[in-house]
Amino acid sequence: MLKPNDLVLLYHSENAKYLITLPESGELQTHKGVIKLNEIFQKNYGDEISTHRGEKFYILKPTIADIEMKVKRTTTIIYPKDAGVMLLKTNLFPGAKVVEVGTGSGAFTIILANFVRPSGIVYSYEVREDFLKNAQENVKRAGLENNVIFYLRDVVKEGFLEEDNSIDSVYIDLPEPWEVIKEAHRILKGGHSLISLNPNVEQIQKTFRTLELIGFTRIKVYEILEREILVRYSGTRPKEFSITHTAYLLFANKVNKR
Ligand SMILES: C[S@@+](CC[C@H](N)C(=O)[O-])C[C@H]1O[C@@H](n2cnc3c(N)ncnc32)[C@H](O)[C@@H]1O
């Protein structure tokens, strides 16, 4: 049975879905009517529940993509289509110690923290105090604050705080990533992975050249394309509108300096 503090996705349709941490008591207001909490606490994930207007919602178990897409946004965020590949092609595992810059809205921080837990840590750097505060709230709402250490710091000017050769993976989502590559090289363990993502080719080219100069190998760039298919009795075909371009993903591995 569901209980207070459980995270649920109340799903009516793609246009009416609510990610909610269940409070102790009261009612949930939705655009389709009011849901009484004492009725939800008699249900399980997968059950249906009706609003006072008779509109039906399914009670779903949220995925980490549901949670990250519902963060309060102060910046652009890394989308699940890109995050999925970033997780698999970097050195990320339960117990890993990874670095992320910038924190932005904390959307990707949530994903990283979910995969390094229970004993790993995400060291997350952000230069803007207001963004950092919002990100901290988003991470706390996701229940992952114990696996993240936040720093308010300009990494371009002041560098990272981690020790040399101590970090399993570095994730860079900055407008000028080439400015932090030297520092990323310093803190990464030998042979370990770095990823940087940017929307523009010029940014990728400059980062690529810097990576070669500083000491990285296996430098590869990808763009991930995702196309949703509408399956309907009237005809199955791709959805007309979708997210087309988000970012180019640049992966590399650290080479130890001779
Ligand atoms: C695109 S956002 C990151 C979004 C984040 N990956 C997410 O999924 O929510 C880029 C962030 O980098 C931060 N930033 C820019 N320059 C920085 C610097 N020198 N040091 C630390 N953070 C920086 C910006 O303030 C912004 O919040």
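Here the dipole of the range 7-62 is about 100 debye; that uses its Cα centre as origin and unit charges on the Cβ of Lys and Arg (positive) and Asp and Glu (negative).
Across 175, 23, 199, mean-square fluctuation computed from a Gaussian network of the chain (C-alpha pairs under 10 Å connected) peaks at 23.
With q set to 0.12, 0.16, 0.20 Å⁻¹, the log10 of I(q)/I(0) for the range 1-153, from the Debye formula over equal scatterers at the Cα positions, is -0.57, -0.90, -1.15. Taking a sphere under 12 Å around the Cβ of residue 198 and counting the other residues whose Cβ falls inside, with K and R at +1 and D and E at -1, yields a net charge of -4. The calculated P(r) of the range 7-62, using every Cα pair and 10 Å bins from 0, goes 26, 66, 8 in percent. Alpha-carbon geometry of the range 38-117: the Rg and the Dmax are 16.7, 49 Å, given in that order. Ranking 221, 210, 28 by Cα position along the charge dipole of the chain, where only Lys, Arg, Asp and Glu carry charges on their C-beta atoms, puts 221 farthest toward the positive end.
Computed over the chain, relative contact order equals 13 percent, with contacts defined as Cα pairs under 8 Å that lie 6+ residues apart.
Inter-label distance, residue 93 to residue 42: 4.8 nm, where each label sits 7 Å from its Cα along the C-beta direction.
Dipole check for the range 65-254: with +1 at the C-beta of Lys and Arg, -1 at the C-beta of Asp and Glu, and the Cα centre as origin, the magnitude is about 520 Debye. Summarised in one figure, the compactness ratio Rg/Rh of the range 65-111, Cα atoms and Kirkwood Rh, is 0.95. Only Lys, Arg, Asp and Glu carry charge here, each on its Cβ (+1 for the first two, -1 for the last two); on that basis the range 191-235 has a dipole of about 80 debye about its Cα centre. Contact order for the range 34-124, expressed relative to its length and based on alpha carbon pairs under 8 Å spaced 6+ residues apart, stands at 24 percent. Annotation: the range 159-208 has a Kirkwood hydrodynamic radius of 11.2 angstrom, from the mean reciprocal C-alpha pair distance. Scattering from the C-alpha atoms of the range 65-254 alone, worked out with Debye: what is log10 I(q)/I(0) at q = 0.08, 0.14 1/Å? Result of the Debye calculation: -0.25, -0.75.
For the range 201-258, dividing the convex hull volume of the Cα atoms by the residue count gives 77 Å³ per residue.
Ranking 75, 236, 159 by how far each Cα lies toward the positive end of the dipole of the range 65-254 (charges on Cβ) leaves 236 at the top.
The phi torsions of the range 117-124, fed into the Karplus equation with coefficients 6.51, -1.76 and 1.60 and a -60° offset, translate into couplings of 5, x, 10, x, 9, 9, 8, 10 Hz, rounded to whole numbers, with Gly and Pro shown as x. Entry note, the chain: the mean residue ellipticity at 222 nm calculated from DSSP H runs of n ≥ 4, each adding -39500 (n - 2.57), is -7000 deg cm²/dmol after division by the residues and rounding to the nearest 500. Based on every Cα atom in the range 119-186, Rg and the maximum pairwise Cα distance Dmax equal 12.5, 34 Å.
Bear in mind these aren't lab numbers, they're just calculated from the coordinates by the rules spelled out. Bear in mind that the values here come from a model prediction, so they are computed numbers and not experimental data. Note that we place each Cβ from the backbone using ideal geometry, even for glycine, and neighbour counts take in every protein chain shown.
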